[in-house]
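J.: This is the structure, below, for whatever I ask next.
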Amino acid sequence: MRLLCSVSLAVLAAVPRAGAAVNVVATTEDLAVLAREVGGDRVKVEALARGYQDPHFVEAKPSLILKLHSADLLVLVGRELEIGWLPPLIQQSRNAKVQAGAEGYLDASLSVKILEIPTGQITRAMGDVHPLGNPHYWLDPGNGRHVAKAIVDKLSRMAPADAGYFASRYADFDKRLAEAEKRWDALMAPYKGVKIVTYHRSWPNFTDRFGLDVVGYVEPKPGIPPSPRHTLALIAEMRRLSVKIIVVEPYFDLKTPNSVARETGARVLVLAPSVGAEPKVTDYIKLFDHDVNLVVSAIKDTGSP
Ligand SMILES: [Zn+2]
């Protein structure tokens, strides 16, 4: 019996991998859903961070090392978004395929438009967590399209027999996304230039894409908690400009945003910065459906200038 088993295992191991699903691990749920869109049933996709977690600060649990251990392809946000937690996980996975620079290592930020790239000397002074430009680029649907294409190109090199399948999945996603963009643009069109404040600098790609004007942040710098002095200056500026909306990511304490809202007559609006931030936000198009609808309702309700 034992002999039979080892013979069967040897036969199984000899079966070529053609047609086998590519094992994809994405650092965030946003990248995971994009990989699922284009990979269909020829990929198995898992995300490391959950959409309701702050992607800058994820607990490096052993279960995440295990996921990386069996990955063929790692897709990451890059621009140092995951610098605080991903490198030790990759190292401990002991998986040569997904080490930085290996064939199975895809930095999605290399295929998109990055905003807020610092000029002059790059510094992490005062704990700024965006030293290489803003890493929250997936909040522009145009960038989501570029990431999907980069994943298709990579998958097609790893599984050439399925290249046609990936290309047709991408064409379908591209079409559905373009239709959705028309819908979002029509909803947002009347509100170009509306002024808002956000907690973290998560939204420049979103606000650029849809024409909103971010005039301040609850954080003094990305990754630095609110300080009394900064909060007082923010309240003064919001009063001066009659700002009525404070956008907050679901993983931040609402204490400071609520007190700023009381002082200024503004409303706190919790948006989904990622797929999975809310149970109903289950794919990339639903993420923008959710956020665009909430923003439009809040602008109407508050009469934001
Ligand atoms: Zn950030």
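The values are calculated or read from the model by the stated rules, or taken from the named source; none is laboratory data. Remember, predicted model here, so these are calculated numbers, not experimental data. A quick note on method: Cβ atoms are made from the backbone with ideal geometry, for glycine too, and the neighbour counts reach across all protein chains shown. Each accessible area value is taken on the protein alone, full model and side chains, heavy atoms only, with ligands, DNA and RNA left out. Shrake-Rupley method; radii C 1.70, N 1.55, O 1.52, S 1.80 Å.
J.: Which numbered condition trips up residue 144, out of (1) more than 15 Å from the ligand (Cβ to nearest atom); (2) part of a loop (DSSP other than H, G, I, E, B); (3) small (Gly, Ala, Ser); (4) open to solvent by less than 10 Å² (accessible area, probe 1.4 Å)?
T.: Among (1) more than 15 Å from the ligand (Cβ to nearest atom); (2) part of a loop (DSSP other than H, G, I, E, B); (3) small (Gly, Ala, Ser); (4) open to solvent by less than 10 Å² (accessible area, probe 1.4 Å), residue 144 violates only (2).
J.: Check residue 150 against each of (1) open to solvent by less than 50 Å² (accessible area, probe 1.4 Å); (2) away from the ligand (no atom under 16 Å from the Cβ); (3) under 17 Å from residue 289 (Cα atoms) and name the one condition it does not meet.
T.: (3)
J.: Going by the structure shown, is residue 270 within 16 Å of the ligand (Cβ to nearest atom), on the phi < 0 side of the Ramachandran plot and touching a strand residue (DSSP E or B) at 6+ places or on another chain (Cβ under 7 Å)?
T.: no
J.: Exactly one condition in (1) within 16 Å of the ligand (Cβ to nearest atom); (2) at pLDDT below 95; (3) not β-branched (Val, Ile, Thr) is false for residue 52; which is it?
T.: With (1) within 16 Å of the ligand (Cβ to nearest atom); (2) at pLDDT below 95; (3) not β-branched (Val, Ile, Thr) applied to residue 52, the lone miss is (2).
J.: If you go through segment 115-141, how many residues are in a helix (DSSP H, G or I), open to solvent by 20 Å² or more (accessible area, probe 1.4 Å) and on the phi < 0 side of the Ramachandran plot?
T.: 1
J.: In addition: Going through segment 63-75 one residue at a time, which ones are part of a loop (DSSP other than H, G, I, E, B) and among the aliphatic types (A, V, I, L, M)?
T.: Selection gives 71 alone.
J.: Going through segment 102-114 one residue at a time, which ones are at pLDDT 95 or above and part of a loop (DSSP other than H, G, I, E, B)?
T.: Listed by number, the residues that qualify are 102, 103, 104, 112, 114.
J.: Can you find, within segment 187-215, the residue that is surrounded by the most Cβ atoms within 10 Å (Cβ to Cβ) among those that are among the small types (Gly, Ala, Ser) and more than 16 Å from the ligand (Cβ to nearest atom)?
T.: Looking at residues that are among the small types (Gly, Ala, Ser) and more than 16 Å from the ligand (Cβ to nearest atom), I get 211.
J.: How about segment 49-65: which of its residues are touching a helix residue (DSSP H, G or I) at 6+ places or on another chain (Cβ under 8 Å) and open to solvent by 50 Å² or more (accessible area, probe 1.4 Å)?
T.: Across segment 49-65, the qualifying residues are 50, 60.
J.: Which count do you get for residues in segment 1-49 that are modelled with pLDDT under 55 and in a helix (DSSP H, G or I)?
T.: 13
J.: Restricted to segment 76-98, and to residues that are open to solvent by 70 Å² or more (accessible area, probe 1.4 Å) and assigned to a loop (DSSP other than H, G, I, E, B), which residue is nearest to the ligand (Cβ to nearest atom)?
T.: Of everything passing the filter in segment 76-98, 83 is nearest to the ligand (Cβ to nearest atom).
J.: From (1) out of contact with any Leu (no Cβ under 7 Å at 6 or more places or on another chain); (2) open to solvent by 10 Å² or more (accessible area, probe 1.4 Å); (3) touching a residue at least 12 places away in the same chain (Cβ under 8 Å), pick out the condition that doesn't hold for residue 163.
T.: Here residue 163 meets the rest and fails (3).
J.: Let me ask something else. Given the options 73, 66, 115, 106, name the one that is within 16 Å of the ligand (Cβ to nearest atom) and not hydroxyl-bearing (Ser, Thr, Tyr).
T.: 115 is the lone residue from the list that is within 16 Å of the ligand (Cβ to nearest atom) and not hydroxyl-bearing (Ser, Thr, Tyr).
J.: Given the conditions (1) more than 18 Å from residue 30 (Cα to Cα); (2) of a type outside the set (Phe, Trp, Tyr); (3) without any contact (Cβ under 8 Å) to a residue 60 or more places away in the chain, and given that residue 187 satisfies all but one, which numbered condition is not satisfied?
T.: Going through the list (1) more than 18 Å from residue 30 (Cα to Cα); (2) of a type outside the set (Phe, Trp, Tyr); (3) without any contact (Cβ under 8 Å) to a residue 60 or more places away in the chain, residue 187 breaks only (3).
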